[in-house]
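Down below is the structure, laid out as structure tokens.
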Amino acid sequence: TPSCDWLRARRAEGYTVIAQGLWTGREVPGNPNVTLSRADSLGYVLVGYVSVTGAYPGSDNIAKARAAVSPEVWDKLAVLAVDVQIRGTPLSDIVDAVRYSEALGKRTTIYTSCGMWGAVTGNAPAPTETVWAAYWDGREETPQAGLARCPIDGFKRAIGKQYTGGTNFEGVSVDFDTFDSVLLEWAGQTAPPPPSQPPQEGWVPWPGYNLA
């Protein structure tokens with residue numbers, strides 16, 4: 001669990017979004033409620049993600065994720081991502097997770113990569129309009145630019161791009177991401193784009209990271 005000082009330092013460096021795993025498909029990773037509560041107090045946009053592996057029905061994974069954080073933190077999640085990375089995960093579990101999350105009132109997206117979505121689902125129709133795409137090419141660019149370079153069948157709009165994985169960042173293991181500015185709207189926040197990240201093709205990349 002990153003300390004308040006660590007989170008404060010990253011916020012001062014311009015990181016705007018923090019994404020935290022709430023459920024691995026088998027257990028709650030660490031103490032996500034503490035991390036997200038600290039991040040919220042520092043003005044971060046909060047994102048949660050939930051792994052669906054086939055070990056539990058899809059809706060059960062969402063229920064366990066919801067139970068991992070307080071109602072206050074749950075309500076402040078700008079979006080909840082259903083993490084699709086494990087071959088053999090039933091498509092029905094993925095769709096069930098998405099629909100249950102939506103039924104709970106959460107904006108929901110899919111987290112996956114351009115190769116993994118097809119490997120897991122056989123390029124089934126996308127169950128969400130948006131995708132948070134893992135594409136570890138080291139390019140800090142808009143999510144939509146990353147999706148154009150490495151399309152994921154069925155998804156037309158990317159709200160996040162994960163461009164590195166498993167990086168030690170001042171003693172904490174993180175993955176680096178850019179996120180679309182729509183997350184600010186979803187989180188009820190407004191702010192100008194960072195000077196170093198100008199709009200590109202109508203999308204503003206907001207620097208963020210997720211705790212690996």
- Query: Do you know which of the residues in region 71-118 that are in contact with a Phe, Trp or Tyr (Cβ under 9 Å, 6 or more places away or on another chain) and basic (K, R) is most open to solvent (accessible area, probe 1.4 Å)?
  - Reply: R107
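Every residue, every condition in (1) of a type in the set (S, T, Y); (2) touching a residue at least 40 places away in the same chain (Cβ under 8 Å), yes or no:
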site: T89; (1), (2): yes, no
site: G105; (1), (2): no, no
site: T108; (1), (2): yes, no
site: Y111; (1), (2): yes, yes
site: A124; (1), (2): no, no
site: R139; (1), (2): no, no
site: R149; (1), (2): no, no
site: Y163; (1), (2): yes, no
- Do we find a residue being closer than 23 Å to M116 by Cβ and open to solvent by 60 Å² or more (accessible area, probe 1.4 Å) anywhere in region 36-59? yes
- Query: Counting only residues that are touching a Pro at 6+ places or on another chain (Cβ under 6 Å) and either open to solvent by 60 Å² or more (accessible area, probe 1.4 Å) or assigned to a strand (DSSP E or B) (or both), how many does region 147-158 have?
  - Reply: 1
- Going by the structure shown, is A67 within 20 Å of L46 (Cβ to Cβ), open to solvent by 50 Å² or more (accessible area, probe 1.4 Å), small (G, A, S) and modelled with pLDDT of 95 or more? yes
- Item | Residue list for region 74-92, restricted to those being touching a strand residue (DSSP E or B) at 6+ places or on another chain (Cβ under 7 Å) and not polar (S, T, N, Q) | K76, L77, A78, V79, L80, A81, V82, D83, V84
- Restricting region 170-188 to residues that are without any contact (Cβ under 8 Å) to a residue 60 or more places away in the chain and in a strand (DSSP E or B), the one surrounded by the most Cβ atoms within 10 Å (Cβ to Cβ) turns out to be T178
- Scope region 26-35; condition more than 11 Å from V73 (Cβ to Cβ) and open to solvent by less than 50 Å² (accessible area, probe 1.4 Å); matching residues: P29
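The values are calculated or read from the model by the stated rules, or taken from the named source; none is laboratory data. The model shown is predicted, which means the values in this text are computed figures rather than measured ones. Note that we place each Cβ from the backbone using ideal geometry, even for glycine, and neighbour counts take in every protein chain shown. When the accessible area is computed, the model is the full protein with side chains, heavy atoms only, and any ligands, DNA or RNA have been set aside. Shrake-Rupley method; radii C 1.70, N 1.55, O 1.52, S 1.80 Å.
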